[in-house]
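The structure appears below as structure tokens.
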Amino acid sequence: MLLLITWTILQGRSQEICDNEIDDDGDLLIDLNDTECFCTLDTSQINLEDPPSLIPNTSFEEHTCKPENLSQLECAVHWQQASQATSDYLHANSFNRPAGLPPFLPTLFPDGIAASGIIISEVKLEYIDACLTIVSR
């Protein structure tokens, strides 16, 4: 009898659908964490020696404006404030830097002439975020 009940319960479970981000089979795991789902990436168009970043505009070079002051992260394309405290967008060809900020040297901008700056201290936490590029399943 116990075997029949177990078999009936297992048959009643639905199969996991791996592209809808829902726990279809009731195992308390969504697609990303479900062992029945496997993420695949079409690598035919990707140079695996130098794979693309899932983070857009990693060098902060793409911008809609050049900052005139600190706290202008909205100038950087794809980036946004992720905290109430305001993060900085630094561009070497823009505003005069405030006192205490190091000179805009190539070492400060290792991947171009722009960067983001944040302050993390006991009283101030600044965060930035960007939506990741989409990976096919």
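The values are calculated or read from the model by the stated rules, or taken from the named source; none is laboratory data. Everything numeric here is computed off the predicted structure, so don't read it as measured data. Ideal geometry is used to build each Cβ from the backbone, glycine not excepted, and the neighbour counts take in all protein chains shown.
Of note:
- Looking only at the range 84-108, residues that are surrounded by 14 or more Cβ atoms within 10 Å (Cβ to Cβ) and at pLDDT 65 or above come to 9 in all.
- Count - residues of the range 109-127 that are farther than 18 Å from Val77 by Cβ and outside any loop (DSSP other than H, G, I, E, B): 2
- Qualifying residue in the range 128-136 (condition: acidic (Asp, Glu), modelled with pLDDT of 75 or more and not in a loop (DSSP other than H, G, I, E, B)): yes
- Taking the criterion of being closer than 16 Å to Ile128 by Cα and either in contact (Cβ under 8 Å) with a residue 60 or more places away in the chain or among the hydrophobic types (A, V, I, L, M, F, W, C) (or both), the residues of the range 48-70 that qualify are Leu54, Ile55, Pro56, Asn57, Phe60, Leu70.
- Within the range 48-69, at least one residue is assigned by TED's automatic domain parsing to the domain that holds Ala114, at pLDDT 75 or above and outside any loop (DSSP other than H, G, I, E, B).
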